[in-house]
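Here's the structure we're looking at; comments come further down.
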Amino acid sequence: MNKPFSDEYPPLRYFANYIEKVETEDLIEALTNQRTEVETFYKTLTDETAAYRYAPGKWSLKELLGHLADAERIFAYRALCIARGETQPLPGFDENTYVENARFDELPLASLWEQYHTTRLATLALARSLPQDAQRRRGNANGHEVSARALFAIIAGHERHHLEIIEERYKQGLKD
């Protein structure tokens, strides 16, 4: 599955920023490589270190991993709906409310890792199963017309965004 053309997602910087962060044209490759990158980082953490926040009011590393799983579930669901021809608009979500209500910090890191890992495996299985016409099918998600494959690119770009934040803001604090 290749990255989408620019007419497959809204001409808003939000969408373009995520899609531009995808490091390869092959979305399956990008999603597979990121899974390894996330696994490599999170396996260095304990439940205690995964509770780290780089600033007051910012998500902990546990909350960030939970957010990645939740957002991916939502984006993949949207991709599934659109690929299957859903014509109803799909709702947006408030990621801060989801994180708050999930109470990820109360869960063992192993449980959060399992959620992330199984979600990514399901996303990859779905992406691999879609014929090209379904990948390019468009629908309405969060008030915007978008193709199914653009949503897979957004999953990869969204995760890249958070991996950059981990690198820039979390890792130094973990060293101190």
(message) Looking at (1) without any contact (Cβ under 8 Å) to a residue 12 or more places away in the chain; (2) at negative phi, which one does L90 not meet, given that it meets all the others?
(response) (1)
(request) Run down T119, T123, T87 and say which single residue is part of a helix (DSSP H, G or I) and either touching a Ser or Thr at 6+ places or on another chain (Cβ under 7 Å) or farther than 20 Å from F41 by Cα (or both). (result) T123
(request) Output the number of the condition that I28 fails; it satisfies all remaining conditions of (1) within 17 Å of R136 (Cα to Cα); (2) over 17 Å from the mean Cα position of the chain (by Cα). (result) (2)
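Results for (1) under 20 Å from A71 (Cα atoms); (2) among the basic types (K, R), shown as yes or no for each residue.
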position: N2; (1), (2): no, no
position: I19; (1), (2): yes, no
position: T24; (1), (2): no, no
position: T36; (1), (2): yes, no
position: K43; (1), (2): no, yes
(message) Taking the condition of being assigned to a loop (DSSP other than H, G, I, E, B) and of a type outside the set (A, V, I, L, M, F, W, C), how many residues in region 59-84 meet it?
(response) 2
(message) Name the single residue that is farthest from D133 (Cα to Cα) among those in region 57-101 being crowded, with 16+ Cβ neighbours inside 10 Å and among the small types (G, A, S).
(response) S60
(request) For region 78-85, indicate whether the set of residues that are aliphatic (A, V, I, L, M), without any contact (Cβ under 8 Å) to a residue 40 or more places away in the chain and over 18 Å from H162 (Cα atoms) is non-empty. (result) no
(request) Give just the number: which of (1) without any contact (Cβ under 8 Å) to a residue 40 or more places away in the chain; (2) surrounded by 14 or more Cβ atoms within 10 Å (Cβ to Cβ) does Q132 not satisfy? (result) (2)
(request) Please go through region 136-176 and pick out each residue that is surrounded by fewer than 18 Cβ atoms within 10 Å (Cβ to Cβ) and of a type in the set (G, A, S). (result) G143, G173
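Taken together, the values in this text are just the output of simple stated rules run on the coordinates, not laboratory data. Only a predicted model underlies this, so the values are computations on that prediction, with no experimental measurement involved. Cβ: placed from backbone, ideal geometry, glycine included. Neighbour counts: every protein chain shown.
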